[in-house]
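Encoded as structure tokens, the structure appears first; notes follow it.
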Amino acid sequence: MVSEKKIALRNAEKYNPIKIDEYIKLGGYKNAQKALKMNPVDIVDLVIDARLRGRGGAGFSAGQKKKYTSEAICDRCIQKYIICNADEGEPGTFKDRVIMEQDPHILLEGMIIGAHAIGATKGFIYVRGEYTDSIYILGIAIEQAKQKGFLGKNIFNSGFDFDIELKLGAGSYLCGEELTLLESLEGKRGYPRIKPPFPAEKGLFGMPTLINNVETFAHIPYIIEYGADHYRTMGTENSPGTKIFTISGDVNKPGYYEVAMGTTLRELVYELAGGIKNNKKFKAAVLGGAAGTFVDETVLDTQMGFDTLKEKGAVLGSGAIMVMSEDRSIFDMTHSILKFFKHESCGKCVPCRIGTAQLMQLMKQTKENGTDRKVLLDQLLSEAEYMAKTSLCPLGQSPIMPIKSLKQYFENQF
Ligand SMILES: Cc1cc2nc3c(=O)[nH]c(=O)nc-3n(C[C@H](O)[C@H](O)[C@H](O)COP(=O)(O)O)c2cc1C
Ligand code: SF4
């Protein structure tokens, strides 16, 4: 029987999140104090050595990102910024909310360590506007940390200044994309920027900026405390550590589960989430949210990790697992996902603005006229491929992910 292994959620439910003293009693902020005495370069090397990969979806090396930001040199750089992406807009994902509402201080501590590592004096948490409880709890946590001297001028009497400000998300899925998030933070409309330059080089207000997901930051204090070698004993070789999976849909115990990377989909669905409701058969799971992939039962014994899933044509993404029983329709789920993309397209570029509408139109025509669904799948694929090649930002490049996986796993059942 697989059991949960906790890093990001190790303090969850162990203390009252609006009482900083309870967090301190659990050993809270000792890793920030330890890190502030370390050479910033050593912190960056430690995170690289731990092989921590970003938990926001793309799985980019958190250490390398720190390195690029810390080494960024630019003309007239007044300061560097550190940003926590807490927009959590990916369908089926609700892990960052749990961290923020149950252990807000681990996030602040991770950001303090990150700020010292790259030399940032100002941080922002861009939090989903609908997460009213997270906003309330984080607001109190930041205030209490300031009162203790853990944020502000000369934090922990280290000579280092660092402050964090809370910013409310603008209510669009696209604003979770890092470059669009920067536009939104600067007070502009949530339109994406062209990459490069990357945020590490030219981010918020043109300054070098490190952007990480909430869960990524929550791993940093643990790595400072126990070291990279210990961290790598958990998980798989290329995806060490733990991951919070959010399981929804036709399971008996939907919820969030933090386990070692490499835990299989079967263990997550049948052991932790209690199996399929009403003893029905497993039909499919959508992994990683709308920008993720459909998989069938042949993937149940695959280890959940960035590379192991890639080998199966699937993605880990944000860690969302939406489970479908034999009663569910793959066509309807696809319809739902494509409708989401059409709704969230910002309309700035033609391929995505028209493409997302055309994908929906193809679905509608098929439903009304009964077109051969294999033909439909090929039409969707061709449209999504075109979008992936020509769209301006990753949103328009995303519909290809679920559609390609349908072709791989559900061509005969679509
Ligand atoms: C359309 C879109 C929406 C995204 N939404 C989020 C989000 O809500 N939260 C998040 O952490 N990353 C989101 N991302 C990924 C971010 O662009 C970025 O990769 C991430 O914040 C980096 O953090 P990490 O390296 O710690 O994973 C989104 C990406 C895209 C393309
Ligand atoms: S790809 Fe879509 S979301 Fe991105 S800029 Fe173009 S229209 Fe906007």
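A few comments on the model shown:
- Cross-chain or 6+ apart pairs with Cβ under 7 Å, the range 42-56 first and farther than 16 Å from P240 by Cα and outside the structural domain of D307 (by TED's automatic domain parsing), then at pLDDT below 95 and outside any loop (DSSP other than H, G, I, E, B): V44/G63; V44/K66; V44/K67; V44/S70
- Within the range 35-55, the residues that satisfy the criterion of being surrounded by fewer than 15 Cβ atoms within 10 Å (Cβ to Cβ) and assigned to a helix (DSSP H, G or I) are V41, D42.
- In this structure, G114 does satisfy being under 21 Å from F160 (Cα atoms) and modelled with pLDDT of 95 or more.
- Of everything listed in (1) over 27 Å from S398 (Cα atoms); (2) assigned to a helix (DSSP H, G or I); (3) within 16 Å of ligand 1 (Cβ to nearest atom); (4) over 19 Å from the mean Cα position of the chain (by Cα), the single unmet condition for Y68 is (1).
- Single match in K195, K146 (criterion: more than 20 Å from R128 (Cα to Cα), in the same structural domain as G28 (by TED's automatic domain parsing), charged (D, E, K, R) and within 16 Å of ligand 2 (Cβ to nearest atom)): K195
- Hits in the range 362-382 (condition: surrounded by 13 or more Cβ atoms within 10 Å (Cβ to Cβ) and among the polar types (S, T, N, Q)): Q365, T366, T371, Q379
- When the range 274-302 is filtered for residues that are surrounded by fewer than 18 Cβ atoms within 10 Å (Cβ to Cβ) and not in a loop (DSSP other than H, G, I, E, B), the ones remaining, listed by number, are K277, N278, N279, E297, T298.
Let's see how each residue does on (1) surrounded by 16 or more Cβ atoms within 10 Å (Cβ to Cβ); (2) modelled with pLDDT of 95 or more; (3) not polar (S, T, N, Q):
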residue: S134; (1), (2), (3): yes, yes, no
residue: L138; (1), (2), (3): yes, yes, yes
residue: I142; (1), (2), (3): yes, yes, yes
residue: G149; (1), (2), (3): no, yes, yes
residue: G152; (1), (2), (3): no, yes, yes
residue: N157; (1), (2), (3): no, yes, no
residue: A170; (1), (2), (3): yes, no, yes
residue: Y173; (1), (2), (3): yes, yes, yes
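- Matching residues, the range 233-260, being buried (at least 17 other Cβ atoms within 10 Å of the Cβ) and charged (D, E, K, R): K243, D250, E258
- Among the numbered conditions (1) closer than 24 Å to A86 by Cβ; (2) in the same structural domain as P91 (by TED's automatic domain parsing), the only one that G227 does not meet is (1).
- In the range 206-218, the residues that are on the phi < 0 side of the Ramachandran plot reach residues that are hydroxyl-bearing (S, T, Y) and at pLDDT below 95 with C-beta atoms within less than 6 angstrom, at least six apart or across chains, in these pairs: P208/T69; L210/T69.
- Hits in the range 44-68 - residues which are charged (D, E, K, R), over 15 Å from I211 (Cα atoms) and in contact with a Pro (Cβ under 9 Å, 6 or more places away or on another chain): R51
The values are calculated or read from the model by the stated rules, or taken from the named source; none is laboratory data. Note that the structure is a prediction, hence the values are computed from the model and not measured. Heads up, the Cβs are rebuilt from the backbone with ideal geometry, glycines too, and the neighbour counts pull from every protein chain shown.
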